[in-house]
Amino acid sequence: MATLGNPRNTIEVLQKYEFHFQKKFGQNFLIDEHVLEKIIRAAGVTKEDFVLEIGPGIGTMTQYLAEAAREVTAVEIDRGLIPILSDTLREYDNVSVLNKDILKVDIAALAEEKNGGRPIKVVANLPYYITTPIIMGLFEKQVPLDSITVMVQKEVAQRMQAVPGTKDYGALSLTVQYYAEAYIAAYVPPNCFIPRPTVGSAVIRLKRHQMPPVDCRDPELLFRLIRAAFGQRRKTLQNALHNSPECGFAKERLAAAIETLGWEASVRGEALTLKQFAMLADVLSGSGM
Ligand code: SAM
């Protein structure tokens, strides 16, 4: 039975161990059982699953995951939390805790060891200061991945899920949507955490695509074009791509590509879908700068 996840028991554990929150590690612990249940449900964890949890804190969500999953590995950077986790997780024989920085863990090797290389589920209330490197690392480093279900800052979740022509749409939306289908499962107010964060939060589920949703000969060029287009988002696509040190295509070449695709010369990156960026990458690839 999960015993944490409410303010009283959480405070009792924190006092017992005289725990001091470390701001630099983005420590905001969940104290709302409904939110915890929602996360587990959104993640679709079953007894077949191996789950990687990033930043277990005092083990609140870890208890829920241990009950729902076959096996859990929880990676926690703060050495001070390790004795607490040994205590709060003592009843579970399917949980291992690693005292490491998640950005330095070879997650593909972990998935191989713990799950025979089959796709894993990642579930976490993330430390917000490293949300993007964690998520991009999971997508880019060939980790066999079923889905990522995570609590992130509300605005970041909205950017991941955004569609063309909206203010939230940008490089993060396109990159995440190249790899996964994004779906916001819940909005979570600051009073569900201790201490209360200064920002709103949301639970987002990123279900990994089996195949990229667009065909593109050179995905690396696609990502460069996306970054360059939104690096100067108020400029026309042509100027943004010409000015970017990452791309630096000649203006005439860009104008010809845009014309070939039948777009207005004044088109901006924020109006283009992922498919259109992929078409542009295909037209430009193989051509001289
Ligand atoms: N899962 C707990 C909960 O929901 O109550 C704690 C979530 S708290 C937002 C983030 C956790 O990530 C903290 O326990 C923090 O120490 C840990 N953390 C921060 N940076 C980390 C890193 N680079 N690698 C692993 N864990 C990290």
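Considered as a group, the residues in the stretch 106-141 that are within 13 Å of the ligand (Cβ to nearest atom) and part of a loop (DSSP other than H, G, I, E, B) include one that is surrounded by the most Cβ atoms within 10 Å (Cβ to Cβ), and that residue is LEU126. Looking only at the stretch 30-48, residues that are within 13 Å of the ligand (Cβ to nearest atom) and either modelled with pLDDT under 95 or touching a helix residue (DSSP H, G or I) at 6+ places or on another chain (Cβ under 6 Å) (or both) come to 6 in all. The residue that is most open to solvent (accessible area, probe 1.4 Å), among those in the stretch 70-87 that are touching a residue at least 60 places away in the same chain (Cβ under 8 Å) and within 11 Å of the ligand (Cβ to nearest atom), is GLY80.
Note on the stretch 1-91: enclosed helices (runs of 4 or more DSSP H) holding 3 or more residues that are within 21 Å of the chain's Cα centre (by Cα) and under 22 Å from ILE130 (Cβ atoms) are 33-43, 60-68. Of the residues in the stretch 49-63, not one is out of contact with any Gly (no Cβ under 9 Å at 6 or more places or on another chain), more than 12 Å from the ligand (Cβ to nearest atom) and more than 17 Å from LEU110 (Cα to Cα). Which of the residues belonging to the stretch 142-184 are over 24 Å from ALA229 (Cα atoms), touching a helix residue (DSSP H, G or I) at 6+ places or on another chain (Cβ under 8 Å) and open to solvent by less than 50 Å² (accessible area, probe 1.4 Å)? Listed by number, the residues that qualify are VAL143, PRO144, LEU145, SER147, ILE148, THR149, VAL150, MET151, VAL152, ILE184. All conditions in (1) hydrophobic (A, V, I, L, M, F, W, C); (2) open to solvent by 50 Å² or more (accessible area, probe 1.4 Å); (3) in contact with a helix residue (DSSP H, G or I) (Cβ under 7 Å, 6 or more places away or on another chain); (4) within 26 Å of GLN161 (Cα to Cα) hold for ALA271, with the sole exception of (3). Condition check for LEU241 on (1) in contact with a strand residue (DSSP E or B) (Cβ under 9 Å, 6 or more places away or on another chain); (2) open to solvent by less than 40 Å² (accessible area, probe 1.4 Å): one failure, at (1).
Among residues of the stretch 93-113 that are among the acidic types (Asp, Glu), none has a beta-carbon under 8 Å from a residue that is modelled with pLDDT under 95 at least six positions away or on a different chain. In this entry, GLU155 is excluded by the filter for residues that are in contact with a Lys or Arg (Cβ under 6 Å, 6 or more places away or on another chain) and of a type in the set (Asp, Glu). Residues that are without any contact (Cβ under 8 Å) to a residue 60 or more places away in the chain and not in a helix (DSSP H, G or I) within the stretch 217-239 comprise GLN232, ARG234, LYS235, THR236, listed in sequence order. Applying the set (1) over 23 Å from the mean Cα position of the chain (by Cα); (2) at pLDDT below 95; (3) open to solvent by 50 Å² or more (accessible area, probe 1.4 Å); (4) among the small types (Gly, Ala, Ser) to GLY248 leaves exactly one unmet item: (3).
The values are calculated or read from the model by the stated rules, or taken from the named source; none is laboratory data. Keep in mind the model is a prediction, meaning the values are calculated, not measured. Here Cβ is always computed from backbone atoms with ideal geometry, including for glycine, and neighbour counts include all displayed protein chains. Just the protein is used for accessible areas: all its heavy atoms, side chains included, with ligands, DNA and RNA removed. Shrake-Rupley method; radii C 1.70, N 1.55, O 1.52, S 1.80 Å.
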